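Derivation of every value follows stated rules applied to the coordinates shown; laboratory data play no part. Note that the coordinates shown come from a computational prediction; the quantities given were computed from them, not determined experimentally.
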Amino acid sequence: MSFNSDQNETNSSVWNPFAPTKRDIERTDKLAEKNPAIAGLLSFLFLPGAMIYMNRGINNLKIIGYVFVIAFSIGILAHNKSEEETTVMGNVVGIVGNIAIIVENTRTITLARKRQSENNF
């Protein structure tokens, strides 16, 4: 039985919102042209605007899905807590999700620039 690292890497990266997608790698030059500050600001203020600016959204949608699952799980597990405590926990999950989206969008541009510079050498 042989071990195919490409297949294993692809299978594990399907669920990882911080792993570059095949489309990201194909669009390295386009992503490298984007400004990470603009992408981060748009991600913070208006996520659909950032998705349009970068012409990508699958990893952002993965993060949003994880945030919903975690928030829903907290809501179920904290059924005997006060409403205020549950709201605070939900807000923390939302803030962490927002930070993750900002980091993911700026990191995508940074990785694209790194891939571009490696290809030039």
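Annotations
- Nearest-ten-degree value, helix 58-77 long axis tilted from longest Cα axis of the chain: 20 degrees
- GNM top mover of GLU33, GLU104, GLU85 - the chain, alpha-carbon springs below 10 Å: GLU85
- Most mobile listed residue (ILE52, ILE109, ILE64) in the chain, GNM with C-alpha springs under 10 Å: ILE52
- Computing Rg and Dmax of the Cα atoms in Å directly from the structure and comparing it against (i) 14.7, 43; (ii) 17.6, 64; (iii) 17.4, 59 singles out (iii).
- GNM flexibility winner over the chain from ILE63, ILE38, ILE101 (Cα, springs under 10 Å): ILE38
- Helix 36-45 and the long axis of the chain differ in direction by around 20°, with both axes built from C-alpha atoms.
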